[in-house]
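Notes follow the structure.
The values are calculated or read from the model by the stated rules, or taken from the named source; none is laboratory data. For clarity, every value in this text was computed on a predicted model and none was experimentally measured. Positions of Cβ are backbone-derived with ideal geometry, glycine not excepted, and every protein chain shown enters the neighbour counts. Heads up: the accessible areas ignore ligands, DNA and RNA and are worked out on the full protein's heavy atoms, side chains in. Shrake-Rupley method; radii C 1.70, N 1.55, O 1.52, S 1.80 Å.
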Amino acid sequence: MQYNGGSIVAMVGKNCVAIASDLRLGNQALTIATDFEKVFPITDRIYLGMAGLATDVLTLRERFRFRVNMYSIKEEREIEPKTLAQLVSSTLYERRFGPYFIEPIIAGLTDSSKGSQPFIASADLIGCLNFAKDFVVVGTAEDKLLGVAEGLWEPDLEPEDLFETISQTLLNAVDRDAFSGWGAVVHVITPDKVITRTLKGRMD
Amino acid sequence: MSHYTRTQSQQHPTQRQFNPYTENGGTILAIAGADFSVIAGDTRQSEGYSIQTRYAPKVFKLTDKAVLAVNGFAADGNMFVKKVKQRLEWYRHAHSKDMPLRSIARLIQTMLYAQRFFPYYVYNILGGIEEDGTGAVYSFDPVGSYEREACRAAGSAQSLVQPFLDNQIYFKNQTPVLGTSHPTHLPLRHVVQLVIDSFTSATERHIEVGDGVELYIILARGRGTQGLDSFKDVQELTPHAEGERLFVLRRELKKD
Amino acid sequence: MECQFGLSGNGYVLLAASTTAVRSIVKMKHDQDNIKVLGPQLIMSYSGEPGDTIQFAEYIERNIRLYQIRNFHALRPSSAASWLRRQLADSLRSRNPYAVNILLGGYDNATSKPHLYWMDYLGTLTNQPYAAQGYGSYFVLSLLDRYHNPEASLEEGLETLRRCIDEVEKRLVVSQGKYIVKVVDKDGVRVIEL
């Protein structure tokens, strides 16, 4: 899990969710790339982040795209966040004894017919789900993220305030982690749009 | 008729090693203000998954203007505090005054380094008031490397608390409004609140932190108690209001 | 102990790979070409476990060629990189994984842009303006941080490449010997004598 480094955090706000990752790709202590995003759109209102072994991040991005497409074709509708969480969980548990070395985070809003409710979840590398009501973190700066998020987060943040909270949480946590950092990307998902911003960070 | 074979288990010489150290969890934290210093620690003492006691102080008054927090191996910590106190008493007898804070910091360095090859397994944070009346925090590693800082967290929840402090004390990753600048020192009330929040947060997410928190607050000579008045149950440890004043503030933390 | 690096400039990608084949303490070869030409505008340098490298590189080379024959056009660099990555990623979780690290350089005629991909034996893929692998990367990457210019002409790019080779020669304990250098641009692939 420390081979490539990287960290992700997701938070719930008032009728919105935010998910953010750092941009570092390393080979142990050597930084290979500073533009490696770990969060991917699944639908217009659901994002999936994966921290851990970079090759598995890429493999699973393709695998989840395939499985979500198959779901959409068979069901003739978009996938719901909690369904995606179960899909992710079962995909990971399929490899129970030879796992993909990633920890996923799902952030999204439920369908508008169900009130566009915020949803976040995380899982471990074999797919044990964690449905949190406030925030979830994964990656090499996990403990730092937990500490800062626990101090900064509060319920019912508006999109812009949630953006500030998640950005500050991520930046300050990765600045104390040698394996994460080199900038960040933040997505704030609201019922009518997704705000995506790339942040500059310390380069050390 | 029956016969059985006896398998002789091979006798290897076994080596046993006595491990003189253990880790007793907990977290300590100190923040320096312009004319005050706050040093805090939780009171849980644990070994592995067992709680040994819910009240084992990690923060100790050395003089009226110096407080030492010790974290790591509790037995070493207690012994170390005892020895520092003894050295400070000898100093008092020899010079008829308390040792200045920066001298205590240097004393701690030499005492720690004296044990370079069998160290006290302890992270120390020293807080207090310098001779010039400013609040100060000194942090040490187990073998005596030290540095004066504005704030420092140590112990099992250091990784949770320190980045939060970077943000809230040093204003890291925050840009001041154009034409203004970030304050270099925060007001006492604000600092005490941040310390309590830090411990509540650490308690929430770290199993070795909890039960209670003790905050020692040292005010510089002549400074009023403004900023402390809004807190309940603040107990003064100094007998009179001349000179530096030392207060302790205790708060319950979650016990799960 | 092999070393390979690559950089992109204005309309081209340069790849350089050391030509020395080492086994134990013996230099077995001084003229090994570790850069395969995969297509009219696609080149790949490789290093890693001897045996795996050649086996894997030839497998890639033939299959990319097969695609071109079947479809009457070559794979674009990004598609080739994705397919190559998948081969490595699948190999990683097989009984006998290939231990091969790769730099892939290509020129995309559709967008008229050069592409350089860094890939390790695990299947980690990333698109980079400049990249390096092997012990040389510890010296070369910082040099390229300083001197790389995405708008540089081929001559300027080669000058930067020479700097890199000289630095590795100067600071790395093991001499890398000669390098083979290939360039890919709108006109195709050429070998360049430094």
(request) Check off (1) more than 14 Å from chain A (Cβ to nearest Cβ); (2) out of contact with any helix residue (DSSP H, G or I) (no Cβ under 9 Å at 6 or more places or on another chain); (3) open to solvent by less than 10 Å² (accessible area, probe 1.4 Å); (4) under 25 Å from C:Leu75 (Cα atoms) for C:Leu161 and give me the number that stays unchecked. (result) (4)
(request) Take the residues in region B:161-194 that are touching a residue at least 60 places away in the same chain (Cβ under 8 Å) and within 21 Å of A:Leu170 (Cα to Cα), then tell me which one is farthest from the other protein chains (Cβ to nearest Cβ). (result) B:Ile169
(request) Please indicate, with yes or no, whether at least one residue in region B:74-96 is surrounded by fewer than 17 Cβ atoms within 10 Å (Cβ to Cβ), small (Gly, Ala, Ser) and under 20 Å from the mean Cα position of the chain (by Cα). (result) yes
(message) I'd like the residue in region A:143-177 that is of a type in the set (Gly, Ala, Ser) and closer than 21 Å to B:Thr203 by Cα and, out of all such residues, is most open to solvent (accessible area, probe 1.4 Å).
(response) A:Gly151
(message) So if I check each of C:Leu116, C:Leu122, C:Leu141, which one is within 12 Å of chain A (Cβ to nearest Cβ), open to solvent by less than 70 Å² (accessible area, probe 1.4 Å) and in a loop (DSSP other than H, G, I, E, B)?
(response) C:Leu122
(message) If the requirement is being charged (D, E, K, R), over 23 Å from C:Tyr12 (Cα atoms) and either surrounded by 14 or more Cβ atoms within 10 Å (Cβ to Cβ) or within 14 Å of another protein chain (Cβ to nearest Cβ) (or both), which of these qualifies: C:Glu156, C:Glu169?
(response) C:Glu169
(message) What's the number of the only condition in (1) touching a Phe, Trp or Tyr at 6+ places or on another chain (Cβ under 6 Å); (2) open to solvent by 30 Å² or more (accessible area, probe 1.4 Å) that B:Arg116 fails to meet?
(response) (1)
(request) Could you please find all residues in region C:43-92 being among the β-branched types (Val, Ile, Thr) and under 22 Å from C:Thr126 (Cα atoms)? (result) C:Ile43, C:Thr53, C:Ile60, C:Ile64
(request) Specify the residue that is nearest to A:Val136 (Cα to Cα); the eligible residues are those in region A:79-93 that are under 15 Å from the mean Cα position of the chain (by Cα) and hydrophobic (A, V, I, L, M, F, W, C). (result) A:Ala85
(message) Out of the residues in region B:16-68 meeting the condition of being of a type in the set (Val, Ile, Thr) and under 19 Å from B:Pro142 (Cα atoms), tell me which one is surrounded by the fewest Cβ atoms within 10 Å (Cβ to Cβ).
(response) B:Thr22
(request) Evaluate the following for C:Ala110: is it open to solvent by 20 Å² or more (accessible area, probe 1.4 Å) and out of contact with any Gly (no Cβ under 7 Å at 6 or more places or on another chain)? (result) yes
(request) Identify the residue in region A:58-80 that is aromatic (Phe, Trp, Tyr) and touching a residue at least 12 places away in the same chain (Cβ under 8 Å) and, among all such residues, is farthest from the other protein chains (Cβ to nearest Cβ). (result) A:Tyr71
(request) Considering every residue within region A:169-188, establish whether at least one is free of Cβ contacts under 8 Å to residues at least 24 places away in the same chain and either of a type outside the set (Val, Ile, Thr) or in a strand (DSSP E or B) (or both). (result) no
(request) Return a yes/no flag: does region A:101-109 have any residue that is open to solvent by less than 70 Å² (accessible area, probe 1.4 Å) and over 25 Å from A:Ala54 (Cα atoms). (result) yes
(request) Given the conditions (1) farther than 30 Å from A:Glu62 by Cα; (2) surrounded by 14 or more Cβ atoms within 10 Å (Cβ to Cβ); (3) touching a residue at least 60 places away in the same chain (Cβ under 8 Å), report the number of the one that C:Pro129 does not fulfil. (result) (1)
(request) Give A:Arg65, A:Arg77 a once-over and let me know the one that is at negative phi, open to solvent by 80 Å² or more (accessible area, probe 1.4 Å) and in a helix (DSSP H, G or I). (result) A:Arg65
(message) Tally up the residues in region B:222-241 that are among the polar types (S, T, N, Q) and outside any loop (DSSP other than H, G, I, E, B), please.
(response) 1
(message) Go through (1) open to solvent by 20 Å² or more (accessible area, probe 1.4 Å); (2) aliphatic (A, V, I, L, M); (3) more than 14 Å from every other protein chain (Cβ to nearest Cβ) for B:Ile108 and report which single condition fails.
(response) (1)
(request) Any residue in region A:144-164 that's at the interface with chain B (Cβ under 8 Å from one of its Cβ atoms): show its pairings with residues that are among the acidic types (Asp, Glu) at Cβ separation under 7 Å, as long as the two are six or more apart or on different chains. (result) A:Lys144/A:Asp177; A:Glu150/B:Glu204; A:Gly151/B:Asp197
(request) Considering only region B:125-188, give the strands (runs of 3 or more DSSP E) lying wholly within it that have at least 1 residues that are in contact with an Asp or Glu (Cβ under 7 Å, 6 or more places away or on another chain). (result) B:135-140
(request) Select from region C:50-65 the residues that are at pLDDT 95 or above and open to solvent by 70 Å² or more (accessible area, probe 1.4 Å) and list them in ascending order. (result) C:Ile54, C:Gln55, C:Glu58, C:Tyr59, C:Arg62, C:Arg65
